[in-house]
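Visitor: Have a look at this one.
A short reminder: the numbers here are calculations on the coordinates, not readings from a lab. Since the model is a prediction, treat every value here as computed from it, not as a measurement. Don't worry about glycine lacking a Cβ; one is built from the backbone with ideal geometry, like all the others, and counts go over all protein chains shown.
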Amino acid sequence: MRTPFLCLFAGLSLAPSLPAAEKPADPLAAARQRLQRGNYAEARAAYEELAKADATRPQAAIGLAAAWRAEGEYAKALAALDDAIKAATGDPDLHAHRADLLYDLGRWDDALADAKAATAKADGHFLARWVRARVLRDRGDVDEAKKEVKWFVRVYTEASNDDKDITDPDALAIVGQAAAENARWSNLPKQFSFILEEVYADTVKKNPDFWQAENLAGRMLLDKYNKADAEDAFDAALKVNPKAADAVVGKGLVALQAYDLKEAEVHADRALEVNPKHPEALRLRAELDLIAGDFAAAVRRLAAARAINPRDEATLGRLAACFHLTKQPAAFDALVKEVEGFDTKPGAFYHALGETLDARKKWADAEGYLRKAADLRPETAAPRAALGMLQLRMGREKEARTFLDAAYSADPFNVRVFNSRKVLKHLDGYATLETAHYLLRYDPKADAVLAAFVGDFLEETHAGLKAQFNYEPAGKILVELFSTHEMFSGRTVALPDLHTIGASSGRVMTMASPQSKDINHAFHWGRVVRHELVHIFNLSQSDFQVPHWLTEGLAVRSEGETMPPDWMKTLRERRAGRTLLDLDTITLGFIRPKDRNELALAYCQARLYVDYMTKAHGEASVGKMLDAYRTGADTGDLLGRVLGVDKATFEAGYRKYVDDVATAAGGTHPPRAEPPMTRDALEAAHAKAPDDATVAARLAEKLLQVGKSAEAGKMADATLAKEKHHPLAATVKARLLVRDKDEAGAKALLAGALADNPDDHRLLLAVGKLHVAAKEWDKAAAVLERGRTAAPLDGNWLELLSQVYAETKRPAELMSVLADVAARDPDDLAVRLKLAKLHHDAKRFPESERWAREVLFIDVKHEEGRSLLLESLRARKKDAEADRLAKRFE
């Protein structure tokens with residue numbers, strides 16, 4: 001989806017190229033340059049020296065205060081301004097800058113007093129009037145605030161008309177912000193493009209060090225979910241000033257919009273290193289805490305932000321949401337009363353409260369607060385946009401369209417609003433298939449046959465889940481099957497880059513069609529439907545309070561018995577290193593994994609937690625726990641209340657279960673788990689212990705992997721000279737011999753090593769491959785089957801065996817191997833088709849029917865799969881079903 005901002009600003013670049021760092025002749029200008037480039041200590045030293053002279057004292061004090069503010073030293077900043085005002089009473093600039101600082105500290109009366117003092121001396125003082133405009137806005141006096149922001153627009157326009165353009169960058173930054181407020185309040189969306197192109201971009205061109213213009217542009221773009229351009233603007237700001245905490249937080253917010261939580265955390269922490277009292281950075285960190293379910297940490301950070309500015313509604317709204325979520329009604333009511341005491345129209349507070357609850361899936365409450373925000377501040381589009389997105393998640397598309405149309409009218413540049421309206425227009429051409437429990441919407445031109453199969457499967461899966469959980473959601477669930485991934489992504493997150501193919505919100509399930517031209521690979525749509533329906537059931541049954549690990553474990557379990565070998569290998573490695581996740585850390589494994597392996601581990605362990613729970617406490621335990629989560633209690637409490645076991649005992653039993661599963665999955669002779677090592681680490685280890693054959697062999701293998709064949713050969717030879725039949729050294733040397741066309745030498749070397757190490761998976765795999773290459777099929781089968789039993793996770797046994805059994809025409813063995821291949825890869829169409837044909841040829845029609853259906857779960861239009869299914873049904877005397885499906889295929 002092309003975003004409207006990208007269309008509007010094609011070719012516009014806000015990134016300046018920095019000029020050479022020449023020191024300005026003016027001492028004040030030189031100090032300001034240090035300040036603008038983030039050299040805060042140097043700037044302070046320069047300003048302190050300049051403050052000693054009467055002529056430069058006021059501007060030096062302003063610069064000194066700015067340097068202290070940049071690092072969160074607000075008291076020192078205030079003191080610098082206080083001292084200067086004592087020496088230069090009535091200086092309008094000093095009073096205005098102190099007013100701005102006091103505003104940011106929530107001291108509005110004092111800020112207004114200073115603003116008044118400044119305008120008494122200079123009625124047109126931009127900063128003083130901007131302080132007054134913001135206080136009026138935040139107090140709820142919107143009419144007066146509108147007059148103030150219009151003043152800036154009028155002054156800017158008159159100056160331009162008189163060829164006396166405003167050139168001061170600080171003044172232009174205020175003009176841009178005031179004009180943006182005026183555009184929001186007066187429904188003048190075209191003004192946003194003018195602000196970006198004419199105000200901020202021109203400011204940067206004329207003042208390359210003025211990173212604040214880039215930051216303000218980034219904020220405007222971010223507010224409209226134009227992530228790419230927003231990030232470019234923040235990067236441009238940081239190119240000038242790498243310590244601009246505002247821009248660093250901006251990049252963190254971009255990452256949060258993309259749900260890149262690790263990146264968001266990095267930027268939040270980086271901003272707090274520069275300014276430990278940056279309210280927005282603290283809020284970003286609190287949002288990450290909320291996503292992780294750590295309400296206590298979130299409250300601590302929000303309380304710290306509140307201490308800095310007790311009237312910041314962005315902070316207070318999130319804090320109120322925490323009180324709501326943790327069931328503290330007295331604290332919640334007191335905070336609401338406090339906010340309504342200083343703001344007669346606290347729309348920003350209720351907006352922040354509603355969006356925070358929305359993110360926690362407290363939709364009924366979120367809707368109420370967002371409606372209140374929209375009513376209190378009808379001039380702003382953001383609450384209506386949020387309401388539109390919320391209605392979409394709840395499956396109320398008619399209501400969503402009303403809110404989104406209103407939001408678009410006020411602000412056509414909001415990318416998520418633009419995309420959501422585009423999706424709704426796309427859905428206008430869809431048909432609806434209604435079943436007993438579902439409303440399935442689909443593209444009748446592309447997916448009519450698929451929709452019919454999906455409708456049947458939804459009801460079949462629904463019956464199974466109802467029995468499993470002893471529960472079913474009320475009402476009919478909306479399912480939308482999109483003919484393109486772009487539209488699926490737009491419907492699900494209102495952005496075009498969702499890296500998945502199915503999603504569920506609790507009342508709506510969305511899925512991209514496997515027939516989509518923008519899907520890179522085929523997938524088993526039945527697996528996706530089962531996975532997402534499990535989430536629908538779990539979220540509804542628990543009132544959206546099911547922990548992440550439990551619903552993901554149940555969803556993965558629904559997909560089939562076999563887990564991917566890579567998951568089990570990661571489990572084995574982490575188990576050996578005693579770094580498995582537990583109930584306290586597994587959620588972070590999902591939302592902020594250290595790497596891809598940890599994410600796989602989280603899914604694997606979640607599945608095993610469910611398996612252990614049902615094994616130890618029965619299948620009914622899952623439904624009982626889901627019911628109990630509605631109370632809002634945590635897992636530790638519910639284990640005791642529902643299952644009669646304390647958390648420590650449950651964890652101990654689970655660890656024993658994991659040991660048993662890992663041992664069984666590893667085979668009869670699994671390799672010892674060894675931590676991965678880089679070449680440098682292996683070379684250091686070898687230098688430290690040159691007689692350690694295992695380290696030397698691992699280094700030889702690593703050298704071969706990086707193309708250092710000669711060095712690898714020398715290392716392998718040296719190892720074999722000390723330990724004649726070392727398995728790994730023998731396999732490295734054998735590969736080199738094969739490369740040199742000495743297959744006989746490789747076979748002899750491996751045979752000797754295998755005689756001494758009959759169950760080593762590396763030797764078995766190497767010998768098996770040599771037999772396959774030589775077409776010695778019987779020998780290959782024997783060796784590869786040994787390896788498959790000894791270490792099933794540690795070799796491509798199934799791939800090689802399928803080749804062997806196909807060549808030797810052993811269909812029974814081939815069907816067994818291919819069934820294992822299919823279990824490991826649910827999206828492999830070719831292997832399912834082969835199984836259907838093998839069983840059909842063997843007249844095993846129940847099995848051929850099963851595998852032909854599996855083919856259609858991946859490609860419902862597959863002609864051979866259709867024919868095999870119909871023939872298998874007729875062979876089993878299921879003529880009525882065959883006739884029904886034949887008609888469907890037509």
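Visitor: With +1 on each Lys and Arg Cβ and -1 on each Asp and Glu Cβ, and nothing else charged, work out how big the dipole of the chain is about its Cα centre, in Debye to the nearest 20. Let's see the in-between values first.
Guide: Working: 128 positive and 136 negative charges, 288 e Å.
Computed charge dipole of the chain: roughly 1380 debye.
Visitor: Determine the alpha carbon to alpha carbon distance for each of Lys702/Lys775; Lys466/Lys624; Lys779/Lys843; Lys747/Lys779; Lys327/Lys361; Lys150/Lys251 and list only those over 20 Å. Present the calculation step by step, with values, prior to reporting the outcome.
Guide: Values: Lys702/Lys775 29 Å; Lys466/Lys624 13 Å; Lys779/Lys843 30 Å; Lys747/Lys779 12 Å; Lys327/Lys361 15 Å; Lys150/Lys251 31 Å.
Violating the 20 Å limit, Cα to Cα: Lys702/Lys775; Lys779/Lys843; Lys150/Lys251.
Visitor: Do any GluC sites (Glu not before Pro) in the range 495-588 lie in a DSSP loop with no more than 15 other beta carbon atoms within 10 Å, and if so, which?
Guide: On the way: sites: Glu532, Glu552, Glu559, Glu561, Glu573; in loops: Glu559, Glu561.
Taking the range 495-588 and a limit of 15 other Cβ atoms within 10 Å, the loop GluC sites (Glu not before Pro) found are Glu561.
Visitor: Hey, can you grab everything whose amide H is under 5 Å from the amide H of Leu439? Only 5+ residues off in sequence or another chain; H modelled, so Pro and N-termini drop out.
Guide: Ile477, Leu478, Val479
Visitor: Between Asn161 and Ala88, what's the calculated FRET efficiency when r is the beta-carbon distance and R0 is 51 Å? Round to 0.05.
Guide: Values: r = 35 Å, r/R0 = 0.69.
The computed FRET efficiency comes out at 0.90.
Visitor: At 7 Å along Cα-to-Cβ for each site, give me the label-to-label distance between Arg630 and Thr789 in nm.
Guide: 5.2 nm
Visitor: How far, in degrees from 0 to 90, does helix 211-223 lean away from the longest principal axis of the Cα atoms of the chain, to the nearest 10?
Guide: Here the helix axis deviates by roughly 60 degrees.
Visitor: Need one word for the range 477-565: rounded, prolate or oblate. Basis is the Cα gyration tensor (sqrt eigenvalues a ≥ b ≥ c); a/c below 1.5 gives rounded, then a/b vs b/c decides. Please report the intermediate quantities before stating the final value.
Guide: Numbers: a/c = 2.09, a/b = 1.30, b/c = 1.61.
The shape class here is oblate.
Visitor: Here's a follow-up. Evaluate the distance, in nm, between pseudo-label points positioned 7 Å from the Cα of Glu799 and of Ala812 along their respective Cα→Cβ axes.
Guide: 2.9 nm
Visitor: Another question about this same structure. With the cut-off at 20 Å, report for the range 158-315 the share of all Cα pairs above it, as a whole percent. Show your work: numbers first, answer last.
Guide: Details: 6702 of 12403 pairs.
Distances greater than 20 Å cover 54 percent of the Cα pairs.
Visitor: So what J values fall out for the range 680-686 if you push phi through Karplus, 6.51 cos²θ - 1.76 cosθ + 1.60 with θ = phi - 60°, rounded to Hz, Gly and Pro as x?
Guide: My calculation for the range 680-686 gives 4, 5, 5, 5, 5, 5, 5 Hz in order.
Visitor: Amide H of Thr500: which non-local residues (sequence gap of 5 or more, or other chain) have their own amide H closer than 5 Å, using H built in the peptide plane?
Guide: Hits under the 5 Å cutoff: none.
Visitor: Do the sum for the chain: with -39,500 (n - 2.57) for every DSSP H run of n ≥ 4, divided by all residues, what is the mean residue ellipticity at 222 nm, to the nearest 500 deg cm²/dmol?
Guide: Details: 48 runs with 616 residues, N = 890.
Per the formula, -22000 deg cm²/dmol.
Visitor: Indicate, rounded to the nearest 5 percent, the antiparallel portion of the DSSP beta bridges found entirely in the chain.
Guide: Values: 7 of 17 bridges.
Around 40 percent of the beta bridges assigned by DSSP in the chain are antiparallel ones.
Visitor: How large is the dipole of the range 92-162 about the Cα centre if only Lys and Arg carry +1 and Asp and Glu carry -1, each at its Cβ, rounded to the nearest 20 debye? Show your work: numbers first, answer last.
Guide: On the way: 13 positive and 14 negative charges, 20 e Å.
That gives a dipole near 100 debye.
Visitor: Within the set Lys445/Lys887; Lys52/Lys206; Lys398/Lys445, which residue pairs have Cα atoms separated by over 20 Å?
Guide: On the way: Lys445/Lys887 17 Å; Lys52/Lys206 31 Å; Lys398/Lys445 23 Å.
Correct reply: Lys52/Lys206; Lys398/Lys445.
Visitor: More than 21 angstrom separation, counting every C-alpha pair in the range 777-848; what % is that? Intermediate results must be reported in sequence, preceding the final value.
Guide: On the way: 632 of 2556 pairs.
So the pairs more than 21 Å apart make up 25 percent of the total in the range 777-848.
Visitor: Here is a further query. On C-alpha positions alone, give me the angle between the axis of helix 245-257 and the longest principal axis of the chain, in degrees, nearest 10.
Guide: 40 degrees
Visitor: Cα gyration tensor of the range 498-636, axes a ≥ b ≥ c as square roots of the eigenvalues: rounded (a/c below 1.5), prolate (a/b > b/c) or oblate? The partial results should precede the final answer.
Guide: On the way: a/c = 1.73, a/b = 1.12, b/c = 1.55.
Oblate.
Visitor: Through the Karplus equation 6.51 cos²θ - 1.76 cosθ + 1.60, θ set to phi - 60°, convert the phi angles of the range 70-83 into ³J(HN,Hα) values in whole Hz; use x for Gly and Pro.
Guide: So the Karplus estimates, Gly and Pro as x, are 4, 10, x, 8, 5, 5, 5, 4, 5, 4, 4, 6, 4, 5 Hz.
Visitor: Can I ask one more? Once both axes come from the Cα atoms, what is the angle between helix 347-359 and the longest principal axis of the chain, in degrees from 0 to 90, rounded to 10?
Guide: Compared with the principal axis, the helix lies near 10 degrees.
Visitor: For the pairs Lys164/Lys345; Lys422/Lys517; Lys262/Lys425; Lys116/Lys164; Lys569/Lys809, note any where the Cα-Cα span goes beyond 29 Å.
Guide: Details: Lys164/Lys345 38 Å; Lys422/Lys517 19 Å; Lys262/Lys425 35 Å; Lys116/Lys164 26 Å; Lys569/Lys809 32 Å.
Distance filter (> 29 Å) returns Lys164/Lys345; Lys262/Lys425; Lys569/Lys809.
Visitor: Under the 0.36 nm per residue contour assumption, what length would be gained going from the current alpha-carbon distance of Asp740 and Glu42 to full extension?
Guide: Working: separation 698, 0.36 × 698 = 251.28 nm, distance 6.52 nm.
Roughly 244.8 nm would be gained on extension.
Visitor: Right, next: Report the full-extension gain for the segment Asp820 to Lys425: residue separation times 0.36 nm, less the Cα-Cα distance, to one decimal in nm. All intermediate terms of the calculation are to be shown ahead of the outcome.
Guide: Working: separation 395, 0.36 × 395 = 142.20 nm, distance 4.42 nm.
Here the answer is 137.8 nm.
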